[in-house]
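Nothing in this text is a laboratory measurement; each read-out follows from the coordinates by a stated rule. Everything numeric here is computed off the predicted structure, so don't read it as measured data. Every residue, glycine as well, gets a Cβ built from its backbone with ideal geometry; the counts of neighbours run over all protein chains shown.
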Amino acid sequence: MTSPTRDMTLEQVRKLAQLIPRELEDKGGGLPLFSLLGPNHESVRLPTEVLVLMQQLIAILASGDAVTVVPVHKELTTQQAANLLNVSRQYLVQLLDEGRIPFHRTGTHRRVYSKDVLEYRARQKADPRSQLDAMMR
């Protein structure tokens, strides 16, 4: 049995974002316990790490931004990786050919792991020279 999906409006997300911090406040006994209620009324307790992640996601959504969740071992095409880095596919291929991002081939096509693309992006953000290079392009 499938249940209907429902898109939340931005206003609903913003209301939720205002509620969650109050619910997560430390009330002297640590963080409160939360659980999800399934379709058959089964209850699954959520770990604190999941609650904090949900709070961050909801805050991002409430600001009007989109969120993409990608497994770290997901294979990406060169176009998907370029989109993730906000660069052209040709520039990404240049980075691959220079060895700055590891890749492998599936037949004749280059593939990269999302983990490697995200690590490259983190290195670039941490290096002030790379930020200057990006502005010069």
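Numerical summary
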{"read-out": "Where VAL72 falls short, out of the listed (1) surrounded by 10 or more Cβ atoms within 10 Å (Cβ to Cβ); (2) without any contact (Cβ under 8 Å) to a residue 24 or more places away in the chain; (3) of a type in the set (Val, Ile, Thr)", "value": "(2)"}
{"read-out": "Cβ pairs under 7 Å, 6+ apart, first in segment 46-59 and more than 23 Å from GLU11 (Cα to Cα), second aliphatic (A, V, I, L, M) and not in a loop (DSSP other than H, G, I, E, B)", "value": "LEU46/LEU36"}
